[in-house]
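The values are calculated or read from the model by the stated rules, or taken from the named source; none is laboratory data. If you're wondering where the values come from, they're calculated on a predicted model, not measured in any experiment. Don't worry about glycine lacking a Cβ; one is built from the backbone with ideal geometry, like all the others, and counts go over all protein chains shown. Each accessible area value is taken on the protein alone, full model and side chains, heavy atoms only, with ligands, DNA and RNA left out. Shrake-Rupley method; radii C 1.70, N 1.55, O 1.52, S 1.80 Å.
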Amino acid sequence: MLDHLRFREDEPAGAPAVTVDAFLTQTNAAAVRIEPGDDARSLLPFLEQLRLVEVNFPSFGDGRGYSSARILREAGYQGELRAVGDVLVDQLSHMRRCGFDSFLPEKPFDPEDAQAALNRWPEVYQATGDGRQPIWAKRHPANERD
Amino acid sequence: MYRYDQYDQAMVDTRVAEFRDQTRRRLEGKLTEDQFKPLRLQNGLYLQLHAYMLRVAVPYGTLNSAQMHVLANIADKYDRGYGHFTTRQNIQYNWIKLEDAPDILADLAAVEMHAIQTSGNCIRNISSDQFAGAAGDELIDPRPYAELLRQWSSFHPEFLTLPRKFKICVIASETDRAAMKLHDIGIRIVKNAAGEIGAAFYVGGGMGRTPMIAPLIRDFVPLDQLITYSEACLRVYNRYGRRDNKYKARIKILVHELGKEEYTRQVEEEFAHLLTQGIEPPIAELERIKAHFTDPAFDQGASDDLDLSDPAFALWVARNTVAHKQPGYVIANISLKPVGGIPGDASAAQIHLMADLAKEYSFDELRVTHAQNIVLPHVKKADLHTLWQKLDAAGLGAANLDTVEDIIACPGLDYCSLANARSIPVAQKISQRFAANGKTGELGELKLKISGCINACGHHHAGHIGILGVDKKGLENYQLLLGGCEGDDTSLGKITGPGFTEDGIVDAVEKATEVYLAERAEGERFLDTYRRIGMEKFKEAIYA
């Protein structure tokens, strides 16, 4: 079973993640954990020092963490973005699209199911900043646009 | 109409494979029911009182005859020979087996259809004007914008676990035939002072237990920013919509609690940021989609003559047809409200017939309306009598569009696990009552809408006469509302007073119509009279 799924080459951050409140009052930490009610934008002034942002999903049905992830990536965050908590295989491809590159689920994934979920979508309709070319871009290659 | 290219086809095919795999894992016990529920909901599968219900999307209510035939085949093969057309321009089947669902989705995908996001806390099927592309009063066909939004909202990874369901409607005419301001986002395509086409955004409308009319939050979004602006509206909602109470989770509550100004400010801030992110499809994509919605090859010399010597035909023409933008053509409405019938239901044979008639007489196109009827949008007047005869012979000739018999009703306690009371028998009794007393015609336009619980799927808030079924100490009880309206002058109905039994509500409706007939001024509809004279006289008569 897969306890931790990670799509990065670098060494994981060593220190445990601190809460957003703690991070904002002792700003030397390199790892922080966002809860659904936290404002991801409060971290934007400190992105350079961050190596790990954990986004907690206390319940898989609470989708605020998807927006938090995109906001961080849109602001240029390059470090590890890890989904933790009630993370399920059927959410993996959507989470990847929102910028997550690391997954630490409460209950380990079945490796086959995880692989199938990650490889599921050959095409995507939206541009989400994950580097994938949306269908509309394939329909209208850049040199034909304007 | 829109046709899939290899990309669109790949998306629905992938979805079928994904759901087949998810269903297998559920049946093997690898997924709990709690984990599986949002997955099946986003494929249109609800667990109702007796079986699974499957809701199939009809994007912006438009479909062709091949698709309509498949809907009939599904009714025969997997259901009990019926389909139920819904207030969101979709179709539902009430007797589905979970094991069959992946095969049904595969049958749908073969004709460019799906059940994607027809349920669940996500962006639902985009609805639109059922007369789009045919109405004389439209600025432009709204469906290309709806299709652009359909593709953007399908599997949007950020917005699949919203606080609650999210409904978008796009119209492009002065007359609102789609209850646009009662949607989470209502978009009206408009022309600005410079003559450019853009979109006005109304956000935070809805029915349910707290009905709200959406306020205008921006009067003009340029077409090359439509997706970006929508994404900004959704992101603010996904981040800040309430998740502590499911009954306060719709965007209308967020807009109401923040205030329209503060919500708008947050959207504008997010919009300014998202404009830098390159998420908007190029205008060329909108142009590509638009090319699918050109006018059919109308006969330019078609005659406007119509032989109305047959009185039954003349009545149907007067009540069920609407002027077309093209001379020599009309928009023909097929009422799925036969007297004593189940509103919105059609048998497989009727669905097949409507498909054949669309192919023969309406350039292979049909529409589903939010009033649970079917439209043949482009019928030549010269064909109208033959068409009507064929409809009438199949029990589809009811001449009662927009009358008191043209009732919107939810499935109610006969099917739905949320309902407090039955809706269908009340609708049946009311249409029978008015067919028997012969007042349907005299009453003219009278929109009557019935919901079997406070969730308002039957749009009771927006009925000129609305009926809400409630549970009163274990007994079904019906409240009466007056004065709702879904159109341009959107208003919400008010409760008259104490509720009624099933038979009592039928009497109360009849008494309300008698007040109207006694009080009306020249040219007034029921709604106009109510607005002029107010509730009091109606109450006196109803509770006398």
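Filtered by the rule that a residue be open to solvent by 10 Å² or more (accessible area, probe 1.4 Å) and farther than 21 Å from B:Asp13 by Cβ, segment B:87-121 gives B:Thr87, B:Arg88, B:Gln92, B:Asn94, B:Trp95, B:Lys97, B:Asn121.
Residues that are farther than 30 Å from B:Tyr7 by Cβ, in contact with a Lys or Arg (Cβ under 9 Å, 6 or more places away or on another chain) and among the aromatic types (Phe, Trp, Tyr) were ranked within segment B:246-298; the one that is farthest from the other protein chains (Cβ to nearest Cβ) is B:Phe298. Take the conditions (1) hydroxyl-bearing (Ser, Thr, Tyr); (2) under 22 Å from B:Asn121 (Cα atoms); (3) open to solvent by 10 Å² or more (accessible area, probe 1.4 Å); B:Thr175 misses just one of them, which is (2). Looking at segment B:411-420, can you tell me whether even one residue there is under 26 Å from B:Thr118 (Cβ atoms), small (Gly, Ala, Ser) and surrounded by fewer than 22 Cβ atoms within 10 Å (Cβ to Cβ)? Yes, segment B:411-420 contains a residue that is under 26 Å from B:Thr118 (Cβ atoms), small (Gly, Ala, Ser) and surrounded by fewer than 22 Cβ atoms within 10 Å (Cβ to Cβ).
Only one of B:Asp8, B:Asp13 is under 28 Å from B:His352 (Cα atoms), buried (at least 20 other Cβ atoms within 10 Å of the Cβ), within 11 Å of another protein chain (Cβ to nearest Cβ) and not polar (S, T, N, Q). Can you tell me which?
That would be B:Asp8, the only listed residue that is under 28 Å from B:His352 (Cα atoms), buried (at least 20 other Cβ atoms within 10 Å of the Cβ), within 11 Å of another protein chain (Cβ to nearest Cβ) and not polar (S, T, N, Q).
Taking segment A:3-49 as the range and being touching a residue at least 24 places away in the same chain (Cβ under 8 Å), within 23 Å of B:Glu158 (Cα to Cα) and not in a helix (DSSP H, G or I) as the test, the residues that pass are A:His4, A:Leu5, A:Arg6, A:Phe7, A:Arg8, A:Arg33, A:Ile34, A:Pro36, A:Gly37, A:Asp38. Confirm whether B:Arg26 is away from chain A (no Cβ under 14 Å) and open to solvent by 10 Å² or more (accessible area, probe 1.4 Å). Considered against the rule, which asks whether it is away from chain A (no Cβ under 14 Å) and open to solvent by 10 Å² or more (accessible area, probe 1.4 Å), B:Arg26 comes out as no. Kindly indicate whether B:Gly523 is outside any helix (DSSP H, G or I) and not aromatic (Phe, Trp, Tyr). Yes; evaluated as a whole, the condition is true for this residue. For segment A:89-130, filtered to residues that are within 15 Å of the chain's Cα centre (by Cα) and away from chain B (no Cβ under 11 Å), the residue that is nearest to B:His273 (Cα to Cα) is A:Asp101.
Selection over segment B:134-153 of residues that are within 21 Å of B:Asn333 (Cβ to Cβ) and surrounded by fewer than 24 Cβ atoms within 10 Å (Cβ to Cβ) gives a count of 5.
Quick check: is even one residue across segment B:472-490 at negative phi and in contact with a Cys (Cβ under 8 Å, 6 or more places away or on another chain)? No, because not a single residue in segment B:472-490 is at negative phi and in contact with a Cys (Cβ under 8 Å, 6 or more places away or on another chain).
A count restricted to segment B:371-398 and to residues that are open to solvent by less than 10 Å² (accessible area, probe 1.4 Å) and closer than 17 Å to B:Met68 by Cα stands at 9.
Out of curiosity, is B:Gly484 of a type in the set (Gly, Ala, Ser) and modelled with pLDDT of 95 or more? Yes; evaluated as a whole, the condition is true for this residue. For segment B:69-76, the criterion of being open to solvent by less than 10 Å² (accessible area, probe 1.4 Å) and of a type in the set (Val, Ile, Thr) is met by at least one residue.
On the stretch given as segment B:257-309, residues that are among the basic types (Lys, Arg) and either in a loop (DSSP other than H, G, I, E, B) or touching a residue at least 40 places away in the same chain (Cβ under 8 Å) (or both) total 2.
Just one residue in the set B:Arg80, B:Arg40 is within 14 Å of chain A (Cβ to nearest Cβ) and more than 21 Å from the chain's Cα centre (by Cα); that residue is B:Arg40. Residues of segment A:62-87 that are touching a residue at least 12 places away in the same chain (Cβ under 8 Å), buried (at least 23 other Cβ atoms within 10 Å of the Cβ) and assigned to a loop (DSSP other than H, G, I, E, B): A:Val87 alone. Scanning segment A:45-58 for residues that are under 12 Å from A:Ala75 (Cα atoms) and either in contact with a His (Cβ under 8 Å, 6 or more places away or on another chain) or open to solvent by less than 60 Å² (accessible area, probe 1.4 Å) (or both) yields a count of 2.
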